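Below is one structure; the comments refer to it alone.
The values are calculated or read from the model by the stated rules, or taken from the named source; none is laboratory data. Computed from a predicted model, the values in this text were never measured in an experiment. Backbone-built Cβ (ideal geometry, glycine too); neighbour counts: all protein chains shown. Ligands, DNA and RNA are stripped out before the accessible areas are found, and what is left, the full protein with its side chains, is counted by its heavy atoms. Shrake-Rupley method; radii C 1.70, N 1.55, O 1.52, S 1.80 Å.
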Amino acid sequence: MSCVRRLVLLTGTFALAATPLPAGPDDAREKLSALGRWLAAVEEHVPGQRDAALERIARWKNRDLDAIASYLSILAELLPEPANTRIGARYGVAEAEIAPLREIARSDAARGDVNRMMKRGALLHADIMMSGAGAAERIGERAARREVRGGGRIAVLGLDGQHEGFALIPHHWQIARRLLDAVHPDPSSDAFVRLWYAATTAFMLRRGLWGDAERQLRHARERLTPDAGVHLDSGCVYEAYAMPRVQSMIAAGPPGVRYDVQPLEANLRLAEMHFTQATVLDPTLVEARVRLARVRTLIGRAAEAVPELERASVASSDALVRYYAVLFLGQAHEALGHDEEARAAYQRAAALYPTSQSPHLSLSLLAREADDRGAAQFALRHFLDTVSAQPVRFDPWWVYHLGRGRTLPQLLARLWTALPPTVRQ
Amino acid sequence: MTTTRVVIRVLLAILLTVTALSAVLASAPRGQRFSSGVEAVRVDVLVSEGGRPVRGLTAADFEVRDNGVLQEVTLVGFERALLNVVLVVDLSASVAGERLEHLQHAGRGLLARLRPEDRAAILGFSHVLVRGSPLTRDRTRLLWLLNEARPAGDTALVDATYAGMMLGESEEGRALVMVFSDGLDVASWLPAPRVLEVARRSEVVVYGISMKGSRPTFLEQMSAQTGGRLLDVDSRRLSDTFLAVLDEFRERCLLSYSPRAVPGGGWHALDVRVKGRQATVRARPGYLAGNPR
């Protein structure tokens, strides 16, 4: 068991009319100075490390990040074409302000990788968030309402299914995605970009940052070529939205908060759509098939789920996925009234993970519902007498909601090893 | 109150009159069962007036209607019947700190208040269920789980409540399941509606004890289904609350009847009243009979 307090992050607003805040002073010199500090940190930061450069940028407020955003857009356009002379007019910026950016673009072009700065920048901002240095800043309800009046969205935090507070949504993920959007010539099929999305989304899923994950995946679906992994992750987010850990939190939320989460049934439909898409894009992605079958059982289509789960229960090379397949097979059979088949499936699940708890609970419940109190108690007592005394126990159900967050260490390792030498240095 | 028709096994002389049976059970030594050899429905009832339990009632004081049909009931006194007390305690991450200390203190106090013949079990839960011991009279076996608790993890309230009910169901004695949680369910495998339905078939009485402001709908429904109560308390009041629940449970009495002139299966709505008094009667709202599957 982890000792970490498992916070859940959703995004939302209040039921208020947005009144945009007045724009701040346009101090070009200050912004350019900030850009210089940012560029220095990007150069200095070692990907995957919580170093001094990371700490410096992690302290920036959202307004500091926003201040350099337009320059980053200019830089993104200059990197593949440092001599571009039309850009100043298009952004309404004087050539004097553009000159330092043009210099950076020329320097990177000379290194032979015009995307180096964009990719290193995206890694820096992801590392800020994943290291915990850039965690969402807690705010009170009054400040949250003020943020919403300014047209923004807020993070709504939950713990144990209950409302835990509000926080500002840090702009680091947004900046990182914006940098990757500028990867030349086309980010949509760039291997590094795809790995970055897979790894950082896994981080969000693992930490219960569902609101962040949903925004990121929406962006990924718009910008990347169709990707089975992106659809699998998207389905996982909507599946999680339909689970008690999110639904309880919404039901117990403070009055007036509008969560960016649809009703339970709509989430199940969205999950079904994305899992279906994932299986179309990659028919070998067994986990997507298993999740799709579970969702179909939940929406009353258990008969379709059974054959899919039967196949998946032997097809996957991943023991966890095989366990999910037989566990959900039991659930699907129960929904169809096939108690014997359900019992057999739960027994298979219990055999796959001998210290698991869910199949034993189901076996007991099945017996109790049939008014066989003795069998119900036997199933539960057997479990409590034997399994619950084990010092180390694991039920894959406990990590089901993490989706590919389960494989975060492997995905991060792949991301680091996939760094082009020019980006690593 | 029973959620099911209980086939009660013969243990006492079934030739005893109903009145005599009540008297015998009231003084029954531990290990004896409530038995008549016929299908019976049992209704665990708390009668109060002005917030205080009403004592000295007889079967003749009650009116029990099963699906609107008046039944002939017997009254089983419980002052000296053994109890099966199952304490289901939330040991998820949010309980760490002062709240755990209050819980440990309250648990020790509850165990000390039990009579020697009573049995107890403790089930700790986060997303993981951990049983301290089966139903036992050995108090030291019960204490280790509370003493060694290290709160961590998520809250599987539905799974834990189901397991608590199963631990409490026994051929011997009456079952009180006390479920303490400071959170809402986020990690259970079992679906809440099905566990609630099982509660309508069970004889256990569930008292939910939640922390102020947590609004645990599931525990509220479970307590209502089983004729118990949901108490919303500050953790500093846990000790008093645990003892108050136990004392209240001891004040309850058991009505029993063999259903007459009502169809067997399905939901049976129960209406329990005390004749000629403005008393408050707390009992389960009905029971489910027949195999649902």
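Can you give the accessible area per residue of the stretch A:346-416, in Å², using a 1.4 Å probe?
Computed with neighbouring chains in place, this is 39 Å² per residue.
Specify whether the C-alpha gyration tensor of the stretch B:160-216 places it in the rounded, prolate or oblate class, a ≥ b ≥ c being the square roots of the eigenvalues: rounded for a/c under 1.5, otherwise prolate if a/b is larger than b/c and oblate if not.
oblate
Could you work out the Kirkwood radius for the protein assembly as shown, taking every pair of different alpha carbons, averaging 1/r and inverting it, reported in Å?
After inverting the pairwise mean of 1/r, the radius is 28.6 Å.
Can you give the calculated 222 nm mean residue ellipticity of chain A, where each DSSP H run of n ≥ 4 adds -39,500 (n - 2.57) and the sum is split over every residue, rounded to the nearest 500 deg cm²/dmol?
-20000 deg cm²/dmol
Just how large is the dipole of the stretch A:213-361 about the Cα centre, in debye to the nearest 20, putting +1 at every Lys and Arg Cβ and -1 at every Asp and Glu Cβ?
Rounded to the nearest 20 debye, it is 280 debye.
Over the stretch B:117-271, with every protein chain in place, what whole percent of the accessible area is carbon and sulfur at 1.4 Å, could you tell me?
Of all accessible area on the stretch B:117-271, carbon and sulfur atoms account for 49 percent.
Given a 1.4 Å probe and heavy atoms of the protein chains only, how would you sort A:ARG56, A:ARG223, largest accessible area at the top?
From most accessible down to least: A:ARG223, A:ARG56.
Roughly what % of DSSP beta bridges within the protein assembly as shown run antiparallel, to the nearest 5?
Roughly 65 percent of the DSSP beta bridges within the protein assembly as shown come out antiparallel.
Quick check for me: using +1 on Lys/Arg Cβ and -1 on Asp/Glu Cβ, what's the dipole size of the stretch A:182-269 about its Cα centre, in debye to the nearest 20?
200
State the percentage of accessible surface on the stretch A:294-425 attributable to carbon and sulfur atoms; use a 1.4 Å probe and exclude ligands, DNA and RNA.
Carbon and sulfur: 58 percent of the exposed surface of the stretch A:294-425.
Quick one: which of A:121-129, A:156-164 comes out on top by average Cβ neighbours within 10 Å, and what's the full order, highest first?
A:121-129, A:156-164
Probe of 1.4 angstrom, ligands and nucleic acids ignored: what's the accessible area per residue over the stretch A:156-290, in square angstrom?
34
How much of the accessible area of the stretch A:26-132, probe 1.4 Å, is carbon plus sulfur, in whole percent?
Taking all protein chains in place, the stretch A:26-132 shows 50 percent carbon and sulfur surface.
Along each principal axis of its Cα atoms, how long is the stretch A:169-220 end to end? Whole angstroms, biggest number first, please.
For the stretch A:169-220, the Cα spread along each principal axis is 33, 19, 15 Å.
List the residues of the stretch A:229-254 whose accessible area drops by at least 20 Å² when all protein chains are present, compared with their chain alone, using a 1.4 Å probe and counting only protein heavy atoms.
A:PRO244, A:ARG245, A:SER248, A:ALA252
Please give the per residue accessible area of the stretch B:140-293, computed with a probe of 1.4 Å over protein heavy atoms only, in Å².
Result: 35 Å² of accessible area for each residue.
Please work out whether the stretch A:201-309 counts as rounded, prolate or oblate from its C-alpha gyration tensor, where a ≥ b ≥ c are the square roots of the eigenvalues and a/c under 1.5 means rounded, while otherwise a/b larger than b/c means prolate and anything else oblate?
Here the stretch A:201-309 falls in the oblate category.
What is the stretch A:299-373 by shape, rounded, prolate or oblate, if you read a ≥ b ≥ c off the alpha carbon gyration tensor as root eigenvalues and call it rounded for a/c under 1.5, prolate for a/b larger than b/c, and oblate otherwise?
oblate
Under 12 Å from the Cβ of B:LEU231, count the other residues' Cβ atoms, weight Lys and Arg +1, Asp and Glu -1, and hand me the total.
Charge balance near B:LEU231 sits at -2.
How big is the B-A contact in terms of buried accessible area, both chains counted, 1.4 Å probe, rounded to the nearest 100 Å²?
Heavy-atom accessible area buried at this interface is about 3900 Å².
Above 28 angstrom, tally the Cα pairs of chain A and express them as a % of all pairs, no decimals.
Pairs farther apart than 28 Å: 56 percent.
Which sequence of A:ARG90, B:ARG113, A:ARG221 reflects their accessible areas, 1.4 Å probe, from the largest down?
A:ARG90, B:ARG113, A:ARG221
If you put +1 on each Lys and Arg Cβ and -1 on each Asp and Glu Cβ, how big is the dipole of the stretch A:112-166 around its Cα centre, in Debye rounded to 20?
Dipole magnitude for the stretch A:112-166 comes out near 300 debye.
So, in Å, what gap is there between the alpha-carbon centers of the stretch B:212-284 and the stretch A:340-406?
If you average the Cα positions of each part, the centres end up 30 Å apart.
Heavy-atom accessible surface, probe 1.4 Å, ligands and DNA/RNA ignored: which residues of the stretch B:166-209 lose at least 40 Å² versus the isolated chain?
B:MET166, B:GLU169, B:LEU184, B:VAL186, B:TRP189, B:LEU190, B:ARG194, B:VAL198, B:ARG201
Towards the positive end of the charge dipole of the protein assembly as shown, with charges on Cβ (+1 Lys, Arg; -1 Asp, Glu), say which of A:PHE275, A:TYR400, B:HIS102 has the farthest Cα.
B:HIS102
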